[in-house]
Every structure is written in structure tokens, then in C-alpha cells.
Amino acid sequence: MAGPDPGRLRRLLPYLLLFAISFPLWYLGMRLRGGQSLLDHSPIDQQTRQAESWLKGRLDLPSMRAYLEIAEYEGRYFNSFPPTPALVEVPLVLVFGRETPTSLAMYLFWLAALCAMYAMLTRRGWDGRSSIIVALAFVFGTNVYASCVRANVWGWGQGLGFCLAILGLARVIDNGRSGLRGSGLGYLLLAFAVGCRPFYAFMLPLFVALDWRGGGRSLARAIRTAVAWMAPVAIGLAWNNWARFGDPLEFGHSYLGWARDLPHGIFSIRYVPWNAYHALLKLPNLVNDSPPFEFDPWGTAFWLNNGIFLFALYALARVDFDPVVRRAAQLGLALTWCGLILHQTNGWRQFGYRFLIDLLPIGFVAILYSYRRASRLMTAAFAWSLLINLYGLVVWKDMPRNY
């Protein structure tokens, strides 16, 4: 009887190592954030409630909960967040009922994204050690860890959107195959990422550029593939919005209580100075109290706990790589960040700057194309960011203080 294939075991070893490192970090962070068990369910669970309603044949929610962000429209209550996470919740509700293991589900998507990033990095010539470091840095050395570890409704949206975008990139980058093994699935995953965070629509030019330049396809064919695979999801999202609010572009945030009271709307140029200051410059305060460092819930300078993204910004600004891919990445970054910085909340009730999560897949592409190994400085930035994020998870129960 033949024994195990040593070559296969060697190929599996890095993925097993990613699991061995990531699972304890996820579990520690989940417990620090207030989770109670391996099957922890976040009580901020609009997506679970939406899945329950779908299974009962209705689009609205049966009741309002004061501690949840629920949209009220024409006397009915609706989940105000895009619906892709609720699709994931449907099979979980069928098995577990209301108490779905949202945190564990989030980790499984993290693990898939970690493996996808490792595969893309090694495919483009990175060594195994560097590939593991960079993959881990994009999850545990960023706001993905601090913001999404327990998969509340905001964590579900941003964490799942990040993972789907990364998994989509893995099917588009350097993929010359056709049919179901080709780049089409990558566009489909991007469409579902848009159903988590609509800002991911701004990544479409980058996906097309990657497909065209690395997949051996013509630009016209790449565009046709994108339209064919993304259109069904886009139509579904538009119909869901129209059926609930009579507007194909309205997910429901405009009908939240706090949004109705804004004199300048959810998005406005008036919010830019305040938001930019917090996202780029705001430092934590040292206070004579415990915990000693006070992080502003309006946002803290992103580079404090997202060190890997600094290398991505440098690459987009100064490193020469495929000019079409580089310009598409710069465009996606500019459009997405401009949209985020116009948002009134700036990611309110956060540690660090959680809106940066929406930019991380673009940052990963920049890292992938610009470097070939994790330098000592890059590794040190990851270690520092990981420690800061762990601090945030430890002190989360004391945040935010009164401002």
C-alpha cells in the first residue's frame, strides 16, 4: 500500500502553518472582544435576522430593536446593510437557528483569504516565509483583526467583503484558463463583495486590468466576462433595494434615525476635514487612567495599526510595475477613499480606522506586484500593528469613553 506523497505534504505544510498561527490569534481576539465560545454569535445580528425573514418569505424584519441599526420605511422595518452576509447566514440559520456561529464563519473566510493570498504571492515568485508573513499581515496586522473578529453586523460586511475581494483576485490574477476555471468566478466573487460593501464596485477596473494583462485575454473579452458574471448579482442587488425602498441604489441607510437627522446627508464634502484628520493624523491620548492610551472612536491614524498598508501606498506612488495595473489600482484607491472620507460616521465606534479595510485588497495587489519578499521593516511593521490591534481588543470593553 502506497504511503503519503511527500511532495503533497510539503505543498500542504504552508497552509497548515497558516491555520496553526491564525486560529489561536482569531480565538484569542474573539474572546477578548467578548465572545463566549467557539460557536459564538454576535448579538449585533441584523444579517441573521434578515436570513430568518427570507426563510419565512418576507423582505422586512418583524420588529425594531433599539440597539440595532434598523431602517424604518413606510411603517415597516428593514435591514439597512447590503445582503451578501445574510446569504451566508441562510444555511447557518437552517442548522443553528438564531444563534449562528458568526465568529467561526468569519474565521473560515479569513482562512480562505489567507490561503489565497499565500498562493498568489508564491505564484508570483515570493518565497514561502515572506508569503506567510504578508498574508498574515493583511488580516492580523490591519483593522480586519481589530474590527471583524467577532463578526457583528459591521464586521460581517467589511470582513466578508475583504475576503471575497481577495478570493476574487486569486481567480483573476495570472489565470489563463477558460470556462468555469477561468476568471469569471473572480468577477462573481467581486460582485458579491459589492453586496457587502458597495465601494468594491470601484475595484472593477483593477480586476479587468489584471485579467487583461495577466490572463492573456483581450481587453474586450475581459470586459465581456466581467459583465456576464457580475450582471446577475448586480440585478439581484438592485431588485432587492427596489422591492424594499422603491430605489435600486438604496440599501436602507438613508432611513436610519441618525441619518434622517443629518442636515447635510450621509455623504458630504463638509465631513472631509474632520474625517481626514482622524484617519491620517489623530494620535491616541495618554491618560491617567486604565487603559492608559485612549483611542478616539471617530478614528485614529490608520498607520498605527495597519503598517502593511504604508508599503502599499509607497508602491503605488513610487514603484514601477505594469503601468495599466498600477493606474487601475491608483484609480480604485482614489475613488474608494474619497467616497469613504465623505461619509459622516468615518467608521464610528471603532478602534483604529476600520474604513481602511475597504482599501486593503487594492493594497494587496500593490504589494504583490511591487515586492518579492517581506523585508525586516515590513515584518517589524506587521509585528507592531499586531500588538496595537491586540491592545485594542483587550481594551475594547472600555471604549468609547465619553467625548
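General remarks:
- Out of 334, 328, one residue alone is touching a residue at least 40 places away in the same chain (Cβ under 8 Å) and under 23 Å from residue 213 (Cα atoms). It is 328.
- Residue count for segment 275-295 satisfying the condition of being in a loop (DSSP other than H, G, I, E, B), surrounded by fewer than 21 Cβ atoms within 10 Å (Cβ to Cβ) and either modelled with pLDDT of 95 or more or not hydroxyl-bearing (Ser, Thr, Tyr) (or both): 9.
- Unique residue being on the phi < 0 side of the Ramachandran plot, in contact with a Cys (Cβ under 9 Å, 6 or more places away or on another chain), of a type in the set (A, V, I, L, M) and at pLDDT 95 or above when the list is 388, 362, 357: 357
- Within segment 152-207, being basic (Lys, Arg) and within 17 Å of residue 325 (Cβ to Cβ) holds for one residue alone: 171.
- Residues of segment 124-134 satisfying the condition of being assigned to a helix (DSSP H, G or I) and not charged (D, E, K, R): 128, 130, 131, 132, 133, 134
- Segment 323-350, subset in a loop (DSSP other than H, G, I, E, B) and not polar (S, T, N, Q), residue surrounded by the most Cβ atoms within 10 Å (Cβ to Cβ): 347
- Any chance residue 320 is loosely packed, with under 15 Cβ neighbours inside 10 Å, among the charged types (D, E, K, R) and farther than 27 Å from residue 200 by Cα: no
- Condition check for residue 317: among the small types (Gly, Ala, Ser), closer than 20 Å to residue 382 by Cβ and in a helix (DSSP H, G or I): no
- Cβ separations smaller than 6 Å between residues 6+ apart or across chains give the following pairs from segment 264-288 residues that are farther than 16 Å from residue 340 by Cβ to residues that are of a type in the set (Lys, Arg) and exposed (fewer than 15 other Cβ atoms within 10 Å of the Cβ): 264/270.
- Members of segment 95-123 that are in a helix (DSSP H, G or I), in contact (Cβ under 8 Å) with a residue 12 or more places away in the chain and under 15 Å from residue 39 (Cβ atoms): 96, 102, 103, 104, 105, 106, 107
- Close Cβ contacts (under 9 Å, 6 or more residues apart or on different chains) running from residues in segment 125-142 that are free of Cβ contacts under 8 Å to residues at least 60 places away in the same chain to residues that are part of a helix (DSSP H, G or I) are absent.
- Check on residue 85, closer than 14 Å to residue 152 by Cβ and either touching a residue at least 12 places away in the same chain (Cβ under 8 Å) or out of contact with any Cys (no Cβ under 7 Å at 6 or more places or on another chain) (or both): yes
- Extreme residue, nearest to residue 150 (Cα to Cα), among residues of segment 355-403 that are of a type in the set (Lys, Arg) and either out of contact with any helix residue (DSSP H, G or I) (no Cβ under 7 Å at 6 or more places or on another chain) or surrounded by 24 or more Cβ atoms within 10 Å (Cβ to Cβ) (or both): 397
- Single residue of segment 150-174 satisfying the filter (among the β-branched types (Val, Ile, Thr) and touching a Leu at 6+ places or on another chain (Cβ under 7 Å)) that is surrounded by the fewest Cβ atoms within 10 Å (Cβ to Cβ): 173
- Pairs where the first residue, in segment 7-35, is at negative phi and charged (D, E, K, R) and the second is outside any helix (DSSP H, G or I) and modelled with pLDDT of 95 or more, C-beta under 7 Å, 6+ apart: 33/149
- Per-region count, segment 20-54, residues crowded, with 17+ Cβ neighbours inside 10 Å, hydrophobic (A, V, I, L, M, F, W, C) and part of a loop (DSSP other than H, G, I, E, B): 1
Residue by residue, here is whether (1) buried (at least 22 other Cβ atoms within 10 Å of the Cβ); (2) farther than 19 Å from residue 120 by Cβ; (3) modelled with pLDDT under 95 holds:
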residue: 176; (1), (2), (3): no, no, yes
residue: 182; (1), (2), (3): no, no, yes
residue: 185; (1), (2), (3): no, no, no
residue: 189; (1), (2), (3): yes, no, no
residue: 194; (1), (2), (3): yes, yes, no
residue: 207; (1), (2), (3): yes, no, no
residue: 211; (1), (2), (3): yes, no, no
residue: 219; (1), (2), (3): no, yes, no
residue: 232; (1), (2), (3): no, yes, no
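- Output for segment 353-380, where each listed residue is touching a residue at least 40 places away in the same chain (Cβ under 8 Å) and outside any helix (DSSP H, G or I): 353, 371, 372, 373, 374
The values are calculated or read from the model by the stated rules, or taken from the named source; none is laboratory data. All figures in this text were calculated on a predicted structure; none of them were measured in a lab. Reconstructed Cβ throughout: ideal geometry from the backbone, glycine too, with neighbour counts over all protein chains shown.
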